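Structure first, then comments.
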Amino acid sequence: MAQHTALNDRAADSADKPDAAVVRDALGVGVAVGLSGFAFGVTSAGSGLGLLQTCALSLLVFTGASQFALVGALAAGGNPFTAAAGAFFLGVRNAFYGLRLSQLLALPRALRPLAAQWVIDETTAVTLAQPTRRAARIGFTVTGLSLYVLWNLTTLLGALGARAIGDTRAWGLDAAGPAVFLALLAPMLKTATERAVAGVAVVLGLGLLPVLPVGVPVLVAAAAAPLALFAEGRRSSRSGVAGGSHGPGGSHGPGGSHGPGGSGGRGGSTGPARVDQVDATHDMEGNR
């Protein structure tokens with residue numbers, strides 16, 4: 001019920017978005033991101049995966065960050081199971097996207113397993129930006145279809161191109177995967193906490209690289225998130241305590257025990273009201 005109310009409110013607050021505009025925006029995202037499949041195809045081939053293995057990753061996994069993490073760890077000589085574990089943890093976020101999109105799109109049960117394959121960062125962003133359920137469904141479908149087709153096509157072309165040029169490291173193409181990953185990640189770091197998490201993760205990953213097996217530092221770097229959140233929680237709690245003890249109404253504030261209305265302030269037991277009471281007592285004694 002609340003979901004329907006939210007959709008109605010969004011539709012009432014803004015005019016209905018034309019279907020053509022939704023398609024245009026969705027295609028823009030699908031084409032722009034789909035072209036980065038070239039980089040994945042080249043990186044995957046350079047890591048030692050065959051053509052069929054590279055294409056199977058894009059067809060079945062279809063989540064860029066996890067794919068780049070997997071082939072990057074393999075290219076560095078990492079254990080396949082460790083590399084797969086890192087890719088899995090990166091892909092878990094799509095499950096949370098699915099919980100939100102399932103309510104928003106309200107697709108028939110028969111279509112949900114097929115739509116789940118397209119639940120990624122880009123389709124989620126386009127879908128959530130739409131004002132109505134119809135526009136959300138169009139945005140999700142067009143983004144998912146265009147991106148899936150183009151990503152797999154460019155993956156194939158990139159892998160074929162890498163095989164044609166031979167050693168990708170000689171051309172510096174082994175850096176294409178990390179470069180694309182950073183390009184996708186950087187715009188998402190909008191808050192100080194998010195930037196702190198990224199910074200701590202870099203320090204952990206690079207610092208542990210010489211002492212741990214390849215691929216393990218990436219998993220350890222995930223500890224940056226709870227560490228940063230713990231530090232942020234401590235800082236917030238300290239700010240709250242400081243604001244409560246010294247702010248208005250605190251023990252040292254205007255209404256506290258030492259403030260204007262407290263026991264030692266104006267209006268307290270030793271304030272002007274107490275002085276007036278003493279003066280009145282003296283006047284009464286003088287009248288006697």
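The values are calculated or read from the model by the stated rules, or taken from the named source; none is laboratory data. Computed from a predicted model, the values in this text were never measured in an experiment. Glycine gets a Cβ as well: all are built from the backbone with ideal geometry, and neighbour counts include every protein chain shown. What goes into the accessible areas is simple: the full protein's heavy atoms, side chains included, and nothing from ligands, DNA or RNA. Shrake-Rupley method; radii C 1.70, N 1.55, O 1.52, S 1.80 Å.
Residue check: is Leu114 modelled with pLDDT under 90 and either open to solvent by 20 Å² or more (accessible area, probe 1.4 Å) or of a type in the set (Lys, Arg) (or both)? Step through it out loud before you land on a result.
Working: modelled with pLDDT under 90: no; either open to solvent by 20 Å² or more (accessible area, probe 1.4 Å) or of a type in the set (Lys, Arg) (or both): yes.
Criteria not met by Leu114.
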Limited to segment 23-82, what total is found for residues that are at pLDDT 85 or above, closer than 30 Å to Thr132 by Cα and under 22 Å from the mean Cα position of the chain (by Cα)?
12
Scanning segment 95-114 residue by residue, the ones that are among the basic types (Lys, Arg) and under 19 Å from Pro131 (Cβ atoms) total 1
Which pairs do you get when a residue that is hydrophobic (A, V, I, L, M, F, W, C), found in segment 201-213, comes within reach of a residue that is outside any helix (DSSP H, G or I), reach meaning Cβ atoms under 8 angstrom, with the pair 6+ apart or on two chains?
Ala201/Ala222; Leu204/Ala223
Filter segment 126-155 for residues that are open to solvent by 60 Å² or more (accessible area, probe 1.4 Å) and among the hydrophobic types (A, V, I, L, M, F, W, C); the one that is farthest from the chain's Cα centre (by Cα) is Leu153
Any chance Thr43 is open to solvent by less than 30 Å² (accessible area, probe 1.4 Å) and either free of Cβ contacts under 8 Å to residues at least 40 places away in the same chain or out of contact with any Pro (no Cβ under 9 Å at 6 or more places or on another chain) (or both)
no
Every residue in segment 80-111 that is open to solvent by 80 Å² or more (accessible area, probe 1.4 Å) and closer than 14 Å to Thr124 by Cβ, please.
Phe96, Leu99, Arg100, Gln103
Return yes or no: is Val214 at pLDDT 85 or above and either under 21 Å from the mean Cα position of the chain (by Cα) or not acidic (Asp, Glu) (or both)?
no
